[in-house]
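> Dropping a structure here in structure tokens format, bear with me for questions.
Nothing in this text is a laboratory measurement; each read-out follows from the coordinates by a stated rule. Remember, it's a predicted structure, so these values are computed and weren't measured experimentally. Backbone-built Cβ (ideal geometry, glycine too); neighbour counts: all protein chains shown.
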Amino acid sequence: MGREMMEVLNPKDAAQFLGIHEETLRRLARERKIPGYKVGGVWRFNRSSLMKWAEAQQVTPQSPRILLVDDEESIRETLRRLMEAVRFTVETAATGAEALAVLKKGRPDLILLDLKLPDMSGVAVLKEARHLYEGVPVIIITGYPESNMVTEALEFTPVMLLAKPVSPPKLLESMRQTIGIGKRGR
């Protein structure tokens, strides 16, 4: 067997090899849905085993699943179309209650969250998201970057803060950096 076939990858390299987010890889490994093992508490992955696993799936890699939470319909629809054009799977929510209902159905790869919502604050949504999925990446997109809500939100460690209006290229690049994918998608 060649050196590459015996190569052992750390989580970052294995996630990059498969084109998925590192936290998604760790979750799959913990759930024993992907071949991996721990050495000294650190996950390790054999490149050839990952290749065989990926081939056995006989599916194309899933596009990243995004939860977009914003009460302004025009913003939701514009951003949804933009993200779907680059092959993201997008679920939208206009209220905090809708966002929580989507979150309870499953973990997204990324949450784009407005802090000012009609029924509850985005901070409350962020707090519950952290309770449900500790490591889920969150980008706050707000028209009030200097507000007290931003200070409150920082307690729950959002990954990034973008001020509205945000340019489409900046938003897409921020999303790609946050979930760890290249410009070609997953």
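> Consider a paramagnetic label point 7 Å from the Cα of Ser121 along Cα→Cβ; state which residues of segment 89-105 have an amide N under 16 Å from it.
Residues 96-97 qualify, since their backbone N sits under 16 Å from the label point.
> Next up: Which cross-chain or sequence-distant (5 or more) residues have an amide H under 5 Å from the amide H of Ser63, H modelled 1.01 Å from N in plane?
Here the answer is none, since no amide H 5 or more places off falls under 5 Å of that of Ser63.
> Might you report the magnitude of the Cβ-based charge dipole of the chain about its Cα centre, with Lys and Arg at +1 and Asp and Glu at -1, to the nearest 20 debye?
My answer is approximately 1000 debye.
> What aspartates and glutamates could a cross-link reach from Lys105, if we take a straight Cα to Cα line under 14 Å and drop same-chain neighbours fewer than 8 places away?
Glu91, Glu128
> Restricting to DSSP H runs of at least four residues, report the calculated mean residue ellipticity at 222 nm for the chain, -39500 (n - 2.57) per run over all residues, nearest 500 deg cm²/dmol.
Helix contribution divided over all residues of the chain: -13000 deg cm²/dmol.
> For Lys170, list the lysines whose Cα falls under 27 Å from its own Cα; do not include residues on the same chain fewer than 8 positions away.
Lys12, Lys116, Lys127, Lys183
> Here is a follow-up. Is the shape of segment 3-55 best called rounded, prolate or oblate, per the rule: a/c under 1.5 gives rounded, else a/b larger than b/c gives prolate, else oblate, with a ≥ b ≥ c the square roots of the Cα gyration tensor eigenvalues?
Because its axes are fairly even, with a/c under 1.5, segment 3-55 counts as rounded.
> Return P(r) of the chain (all Cα-Cα pairs; 10 Å bins starting at 0; whole %; ordered from short to long distances).
With 10 Å bins starting at 0, P(r) equals 9, 35, 32, 17, 7, 1, 0.
> Let me ask another. Taking amide H positions as placed 1.01 Å from N in the peptide plane, with prolines and chain starts having none, which residues 5 or more places from Gly135, or on another chain, fall under 5 Å of its amide H?
none
> So which trypsin sites (Lys or Arg not before Pro) in segment 96-127 pass both tests, a DSSP loop state and at most 11 other Cβ atoms within 10 Å of the Cβ?
none
> Can you list the GluC sites (Glu not before Pro) in segment 8-50 that are in a DSSP coil and have 14 or fewer other beta carbons within 10 angstrom?
Glu31
> Antiparallel as a % of all DSSP beta bridges within the chain, to the nearest 5?
30 percent
> Please give the contour-minus-distance gain from Thr151 to Asn10: 0.36 nm per residue of separation, less the Cα-Cα distance, rounded to one decimal in nm.
Full extension of this stretch gives 47.3 nm more.
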